[in-house]
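The values are calculated or read from the model by the stated rules, or taken from the named source; none is laboratory data. The model shown is predicted, which means the values in this text are computed figures rather than measured ones. Backbone-built Cβ (ideal geometry, glycine too); neighbour counts: all protein chains shown.
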Amino acid sequence: MTPIVSADVAVVGAGPAGLAAAVAAAESGAAVVLVDAGAQPGGQFWRHRPETVAPEQDGRGHHGWPTYLDLRARFDAARGRGRITYLPGLQVWMAQQIHPVQGDDGGFTLRTTPTAAVAALEASVGSQTVVARRLVLGPGGYDRQLPVPGWDLPGVMAAGGIQAFIKANGILPGQRFVIAGTGPFLLPVAANIAEAGGKVLAVLESSSPTAWLPHLRAAAGVPEKALEGAEYAAVFARHRVPYRTRTIVTEVLGTDHVSGVKTAKVDAGGRVRPGTERVYEDVDVVGFGWGFTPQMELPLSFGIQTRLDADGSLVGVVDERQQSSVPGLFLAGEVTGVGGATLAVLEGLAAGTAAAGGTVSPEKTAARHRRFAEAMHLAHPVPPAWQDWLAPETIVCRCEEVTARQLTDARESLGARDARTLKSFTRAGMGWCQGRVCGFAAACLGAGPGSAPTVESLSGSAKRPLAAPVGIGELAALETSDN
Amino acid sequence: MNSASDVLVIGAGVIGAATAYFATQQGLTVTVLDKGLPASGTSSACEGNILVSDKELGPELELTRYSLGVWHGDLAEHRRLWEFESKGGIIVASRESSLASLNRVMAAQARYGVVVEKLDPDTLRNAEPNITPDALGGARYPEDCQVQPMLVAAHLVRLATDAGARFVADTPVTGFLRSGDRITGVRTPRGDFSAGSVVNCTGTWAGELAALAGVNVPVLPRRGFVMVTEPLPPMVHHKVYAAEYIDNVGSSDAGLQASPVVEGTPSGTILIGSTRERVGFDGTVSTNALRLLAGNAVALFPFLEHVKAIRHYHGFRPYCPDHLPVIGHDERAPGLWHAAGHEGAGIGLSAGTGKLLAQALSGQAPDLDLSPFAPARFGERKENSTTHREEATA
Amino acid sequence: MSTHSSGETWSVNTQGAVNVSFDGRPLVAVPGQNIGAALVSNGITAWRSTRKNARPRGLFCGIGVCFDCLVTVDGEANQRACLVEVQEGMEIEGSCADRGGRA
Ligand SMILES: Cc1cc2nc3c(=O)[nH]c(=O)nc-3n(C[C@H](O)[C@H](O)[C@H](O)COP(=O)(O)OP(=O)(O)OC[C@H]3O[C@@H](n4cnc5c(N)ncnc54)[C@H](O)[C@@H]3O)c2cc1C
Ligand SMILES: Cc1cc2nc3c(=O)[nH]c(=O)nc-3n(C[C@H](O)[C@H](O)[C@H](O)COP(=O)(O)OP(=O)(O)OC[C@H]3O[C@@H](n4cnc5c(N)ncnc54)[C@H](O)[C@@H]3O)c2cc1C
Ligand code: FES
């Protein structure tokens, strides 16, 4: 029988949002359970080497490390007091609402399964079922991708994936890098590579610095971002990292591994400017990042109200206490809008406090960070013409190996125009990753050239009734009676 | 008013798509309306089995065999469009009692002309090496086959439009147009559409549509969950299901039932379907359904215990209380036709249903007697006011 | 199987060694590394081939989202190399077609 852990507040995710939520809820007097797929706290932003082999870490390559250390100390203290039960190494595969019965206001159930079913892992715990009156979801997100010819070659990685690799392992995944896409996040990735001894041949940004001009006020509201920017500029100067704007990778070269990239200049709409092509040779890692996609399947499984954020991502609607349209369900971090770790912490603190029944006062800092995030999204859009970069044979769905031609054919001859119908007709999004990687691109292709996907199309692709793969044997052993 | 056509098909699931395709082939002018896109209803939340093996003797088996002929005949030239595959079904009995019922069913089916081959434990294990060691025997049905249902609906609509039909997406029918007693068209937010014949192919929603025309067609939803595994090398070679499944298909029990139909797919995933349960249009995930599916699948194929599910989905089968579809002209509302209520067999039955209905719509005697499926079996028409008197059927 | 030059170590303490095997061949990894990093730093950057076009794959998302990096670990198929930490004696296998369950 799966053990059941009960609490006042359950939190999913031990990234900046979830960690802060767990700490705040515990400090407000609630009994908390924190479930996280990772083996140790930190999430994506504060991912670090395993504490088992590197107990004292100086936070090199991390921003906001003191904030992490502070949260971590409070987290450890609350665990010590028995206020937080920490369940690492478990993925929530399903979250459900318990319907209120008389004398009881319902709550939430989380079903979990080990992230890695490997016996040799000491940390590996068996599946647990979590039951709580309130739920805070802080599942974060992952790099948003736009397919381009050759992006399925080994050596091509998500920009965040390179960052995660470096932070978790303390080594580099190669030697000669090109980092491309859009957004300020490309900077810390390139800076970390350079500081760790890698050669960054170029950082290619599809947008232009002038795109920031209309948003200077919002930028000025968050001076620490300017400081960070200056730091990266210094690193880039020290390591002579070229930063090229209005430039994209048009093709990744190589047969069985990346060997180089073709690049070109683009206009403001993302259309390639003929005659600006250039080749970088001898590249062994290409990192792509087009912003982030919030991980929405758990929030969506409750049927919460959603909206499109300024970056075109599907996010959850929350009130000032971070409560979603479902009472008792709170969201924090990327799932309420991609806005960086500082904002995720502020949201997590508010969500945790509110979930524990405490009072949350409106946060000026959070508002400033939200304005900054919006300005950042507007200055670094997905280039409207990106679909023109695809060749007919470019793989869009990496798992099921569905090409751009198959998707456009399904749109043009079979009338598919949203991610769900495209999936039905072509299998794009039906494979191992369940459309996490291709979902945004497929939704764009459904909308047609130059168009952005709708809320409906993005929700269709982000609904995943199983939020993680789960063993059939485990399902068979579920003890349950749900009415 | 949109331009009039001979036939107006409401619903672009497999049934409406096949009806539109064959009506166009008959030389009729056809308009198809759907509140969404092709295959946005149950036809995209099911499996694509075309099963002879699970049918009881009677009109449904006759329709199945007729339909099979259409898949292999009229539609054969398009088979690759919808991934038609003849892999055959195997029914497995793991209990003495179910082996006895299976033997009885087999004998009756064989008398009826169904191709079926008895499997002793050894031949069964040859055909399905990973089957449970508990299996006592089984039966093989080489005629069982499958299609990709979403592609069937989408391509039949496209083939129909290539041949002159008109498809209008995002157009829910909200009422009927009448001239006297006669149904002469439909009302939609995109205006009125008039037609010589209006065909209700709205699957699980067919009862609601019929009510708009003032007639009783009691189609109800019967929920089913399907589970999909991680991609694997070929481990399951046929559509394999347990003998107990046959009893569930015809059952009217509202409670949750499941017996596994396990099958490998070309993409490597294994489909495990499906539960049957009458809970209205309730879309919440049922942990009980998942547990039951998983448990039964493991009992049939023990290796599945260590395999992961990566996805599940559910749909609502359109069923009538007597478990027969409703196909044909509705005398209670002249001009209105129905093709709905195919329950768990609509994909397989679509080809035959569409062809027979098209024959009837163009005034021919259909190849198969449709009277067992007549809408009027549900009694007199009821009064209803959601129809619109039509001033002039231009 | 495609091999490539490995990345160099950063200024962190990477002392000690973990012995693992990849497709039967012994590899030395650094304690605390995940399998993906252990393979890449041994020059192995692709260890899986796709079902349809038999294309090579290795790490992509780096955080457990894309499932491109699947390996069999101690007989347990389809584990994400980017999420599993190496342990002494671990037997790692790449997959040339998707394998499931216990291999
Ligand atoms: C790969 C990657 C690297 C990044 N690196 C940087 C960087 O270097 N600098 C920077 O400024 N920003 C970086 N970002 C952005 C940064 O992660 C976010 O701004 C910030 O971490 C968001 O915090 P969060 O708490 O919302 O989510 P996250 O930090 O993503 O934390 C979410 C946590 O929830 C867990 N989780 C998700 N789903 C489940 C589930 N179903 N069951 C159990 N647990 C689950 C995840 O494993 C994770 O631990 C990166 C993002 C990614 C994807
Ligand atoms: C889990 C499960 C497994 C199944 N497995 C199989 C199988 O293996 N083999 C098999 O043969 N069958 C199977 N079935 C049954 C099969 O799916 C159905 O019988 C079949 O899809 C019904 O098709 P349809 O065209 O009648 O309905 P639908 O596909 O539901 O089409 C009806 C259409 O009508 C439209 N519509 C509804 N109301 C309106 C309106 N007011 N105006 C305009 N349009 C409207 C809808 O949008 C929809 O597109 C299964 C069903 C389920 C649930
Ligand atoms: S690299 Fe994407 S899951 Fe491991």
Helices (runs of 4 or more DSSP H) lying entirely in region B:1-113 (those with 3 or more residues that are away from ligand 1 (no atom under 16 Å from the Cβ), within 14 Å of another protein chain (Cβ to nearest Cβ) and in contact (Cβ under 8 Å) with a residue 60 or more places away in the chain): B:14-25
Whichever residue in region B:128-161 is within 16 Å of ligand 2 (Cβ to nearest atom) and among the hydroxyl-bearing types (Ser, Thr, Tyr) and, among such residues, is nearest to the chain's Cα centre (by Cα): B:141
Conditions (1) touching a residue at least 24 places away in the same chain (Cβ under 8 Å); (2) outside any loop (DSSP other than H, G, I, E, B); (3) surrounded by fewer than 24 Cβ atoms within 10 Å (Cβ to Cβ); (4) basic (Lys, Arg); number of the one not met by residue A:423: (3)
Residue within region A:18-28 that is surrounded by fewer than 18 Cβ atoms within 10 Å (Cβ to Cβ) and in the same structural domain as residue A:298 (by TED's automatic domain parsing) present: no
Of the criteria (1) assigned to a strand (DSSP E or B); (2) within 7 Å of another protein chain (Cβ to nearest Cβ); (3) more than 24 Å from residue B:134 (Cα to Cα), which one residue B:288 fails: (1)
Leading residue by the ranking (surrounded by the fewest Cβ atoms within 10 Å (Cβ to Cβ)) among those in region A:462-483 that are part of a helix (DSSP H, G or I) and touching a residue at least 60 places away in the same chain (Cβ under 8 Å): A:474
Any hit, region A:67-79, residues being more than 8 Å from ligand 1 (Cβ to nearest atom) and within 14 Å of another protein chain (Cβ to nearest Cβ): no
Scope region A:388-403; condition surrounded by 22 or more Cβ atoms within 10 Å (Cβ to Cβ) and in a helix (DSSP H, G or I); matching residues: A:389
Single residue of B:190, B:166 found to be surrounded by fewer than 22 Cβ atoms within 10 Å (Cβ to Cβ), within 14 Å of chain A (Cβ to nearest Cβ) and basic (Lys, Arg): B:166
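Within the group A:348, A:287, which residue is outside any loop (DSSP other than H, G, I, E, B), within 16 Å of ligand 3 (Cβ to nearest atom) and away from chain B (no Cβ under 14 Å)?
Of the residues listed, the single one that is outside any loop (DSSP other than H, G, I, E, B), within 16 Å of ligand 3 (Cβ to nearest atom) and away from chain B (no Cβ under 14 Å) is A:287.
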Checklist (1) more than 18 Å from the chain's Cα centre (by Cα); (2) at pLDDT below 95 applied to residue B:275, failing item: (1)
Looking only at region A:437-461, and only at residues there that are assigned to a loop (DSSP other than H, G, I, E, B) and surrounded by 24 or more Cβ atoms within 10 Å (Cβ to Cβ), the one that is farthest from the other protein chains (Cβ to nearest Cβ): A:453
Near pairs, Cβ below 8 angstrom, 6+ apart or cross-chain, from region B:212-223 (within 14 Å of another protein chain (Cβ to nearest Cβ) and part of a helix (DSSP H, G or I)) to any residue that is within 12 Å of ligand 2 (Cβ to nearest atom) and among the charged types (D, E, K, R): none
Residue count, region A:290-310 (criterion: more than 14 Å from chain B (Cβ to nearest Cβ) and either of a type in the set (S, T, N, Q) or assigned to a loop (DSSP other than H, G, I, E, B) (or both)): 9
Total residues in region A:305-363, condition within 16 Å of ligand 1 (Cβ to nearest atom), among the small types (Gly, Ala, Ser) and on the phi > 0 side of the Ramachandran plot: 3
Conditions (1) over 18 Å from residue B:39 (Cβ atoms); (2) in contact with an Asp or Glu (Cβ under 9 Å, 6 or more places away or on another chain); (3) crowded, with 17+ Cβ neighbours inside 10 Å; number of the one not met by residue B:151: (1)
Residues located in region B:134-189, provided they are assigned to a loop (DSSP other than H, G, I, E, B) and in contact with a helix residue (DSSP H, G or I) (Cβ under 8 Å, 6 or more places away or on another chain): B:134, B:135, B:136, B:143, B:147, B:148, B:163, B:164, B:165, B:173, B:174
Single residue of B:372, B:366, B:318 found to be in contact with a strand residue (DSSP E or B) (Cβ under 7 Å, 6 or more places away or on another chain) and farther than 30 Å from residue A:468 by Cβ: B:318
Residue identified as within 30 Å of residue B:75 (Cα to Cα), touching a Phe, Trp or Tyr at 6+ places or on another chain (Cβ under 9 Å) and at pLDDT below 95 among B:114, B:152: B:114
Pick from region A:29-56, criterion polar (S, T, N, Q) and in contact with a strand residue (DSSP E or B) (Cβ under 9 Å, 6 or more places away or on another chain), ranking: surrounded by the most Cβ atoms within 10 Å (Cβ to Cβ): A:44
Helices (runs of 4 or more DSSP H) enclosed by region A:161-271 - at least 2 residues per element that are at pLDDT 95 or above and not assigned by TED's automatic domain parsing to the domain that holds residue A:343: A:186-195
